[in-house]
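For reference, the structure is listed below as structure tokens.
The values are calculated or read from the model by the stated rules, or taken from the named source; none is laboratory data. Remember, it's a predicted structure, so these values are computed and weren't measured experimentally. Cβ coordinates were reconstructed from backbone atoms using ideal geometry, including for glycine residues, and neighbour counts include every protein chain displayed. Each accessible area value is taken on the protein alone, full model and side chains, heavy atoms only, with ligands, DNA and RNA left out. Shrake-Rupley method; radii C 1.70, N 1.55, O 1.52, S 1.80 Å.
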Amino acid sequence: MGIFICLVVLILSYSIIPTYYFKSKFKTFNKDKIKDKYMCLTFDDGPDEKYTEQLLNLLERYNIKATFFTVATFAENNPNIIKRMKEEGHTIGLHSLEHKNGLITSPIYTDKDFKGSLDIMKNLNMRVKFFRPPWGHINLRTLSNLKKYNLKLVLWDVIIGDWKGDITSDEIANRLLKESRNKSIICLHDGRGENEAPLRTIQALEKTLPIWLREGYKFVKVEELYE
């Protein structure tokens, strides 16, 4: 029993408490630096060779800039997409090396994750400033690496499960319109997901972007909120 209690305490202090502390802290993040009516569109789990360029085409059509939290191994396999993101003025952040869950990754793996990810991004001529952990889960070693590499942790206000295989584009659009508001940081996905989920996300944005623009929203990048 004593060993079990020690194990529980170790897990709680290593990953669960830090994760929920920073999720709670993010709720008080000051987003009033920009006085205009705005939203911040962010996309995780890409780049994807099939979907990300379709998304970029849509954003280009409306002259909207977004923030992409990329999985480093996916970025390494799609350098031309990373180059296009950069050339078109989007912010590129980091979303881990291989999309492993920070609740259960060891200190050794976490160090490897950050170093490997940043080496890849450096080889792609990208200086990364922002980090979003998969599922928003971190551990104590995550925090030490954020400090070591001078990365800012970025979470979200709105996340609607657009990666799920059974959610329709209409459901995504309706939830975006219902749950997003002024100063929302919206987490969507341009990669991974089930049953072509990123395609339904793009289809949903084709419906919501014109509505938001008519309502007077501007779209900002993460760096405009944090720097």
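Ranking Ile167, Val128, Ile82 by how far each Cα lies toward the positive end of the dipole of the stretch 43-168 (charges on Cβ) leaves Val128 at the top. Roughly what would the spin-label model give for Lys100 and Asp119, points 7 Å off Cα along C-beta, in nm? The answer from the label model is 1.4 nm. Surface exposure of the chain, expressed per residue as accessible area with a 1.4 Å probe, stands at 50 Å².
Residues in the stretch 54-86, backbone N under 16 Å from the label point at Arg127 (7 Å along the Cα-to-beta-carbon vector): list them, ranges by number please. So the set is 86.
Evaluated at 37 °C with a viscosity of 0.692 mPa s, what Stokes-Einstein diffusion coefficient in µm²/s does the stretch 158-227 have when Rh comes from the Kirkwood expression over alpha-carbon pairs?
259
Here's the picture: a label point sits 7 Å out from the Cα of Glu194 along the beta-carbon direction, and within the stretch 113-152 the residues with their amide nitrogen under 20 Å of it are 134-136.
Here, P(r) means the percent of Cα pairs in each 5 Å bin from 0 to the largest distance; for the stretch 90-144 it is 4, 21, 33, 24, 13, 5, 0. Since only Ser180, Val154, Thr28 are under comparison, the one whose Cα sits farthest along the positive direction of the charge dipole of the chain, derived from C-beta charges on Lys, Arg, Asp and Glu, is Thr28. With the largest listed first and rounded to whole Å, the semi-axes of the equivalent ellipsoid of the stretch 66-193 from the Cα gyration tensor are 25, 18, 14.
Near Phe68, the amide H atoms lying under 5 Å from its own belong to Phe43, Thr91, Ile92, Gly93; only residues 5 or more places off or on other chains count, and H is placed 1.01 Å from N. Relative intensity of the stretch 124-178 on a log10 scale, I(q)/I(0) at q = 0.23, 0.30 Å⁻¹, equals -0.89, -1.20, per a Debye sum over C-alpha point scatterers of equal strength in the absence of solvent.
Along the stretch 178-193 the Karplus relation, 6.51 cos²θ - 1.76 cosθ + 1.60 evaluated at θ = phi - 60°, assigns HN-Hα couplings of 7, 9, 8, 8, 4, 6, 5, 9, 9, 9, 10, 9, 10, x, 6, x Hz to successive residues, with x for each Gly and Pro. Annotation: amide H of Gly46 within the under-5 Å range of Val71, Asp190, Gly191, sequence separation 5 or more or interchain, hydrogens built in the peptide plane. Comparing Leu12, Leu140, Leu151 in a Gaussian network model of the chain (Cα springs below 10 Å), the most mobile by mean-square fluctuation is Leu12. List residues of the stretch 41-57, by number, whose backbone nitrogen lies under 15 Å from a label position 7 Å along Cα→C-beta of Glu206. Hits in the stretch 41-57 for Glu206 at 15 Å: 51-57. Carbon-plus-sulfur accessible fraction, the chain (probe radius 1.4 Å, protein heavy atoms only): 54%. Values of log10 I(q)/I(0) for the chain across q = 0.07, 0.11, 0.14 Å⁻¹ run -0.22, -0.55, -0.88, by the Debye formula with one identical scatterer at each alpha carbon and no solvent. The label point for Thr28 and the one for Leu143, both projected 7 Å from the Cα toward the Cβ, are 1.5 nm apart.
Considering only Phe130, Phe29, Phe43, the Gaussian network model of the chain with Cα springs below 10 Å gives its largest mean-square fluctuation to Phe29.
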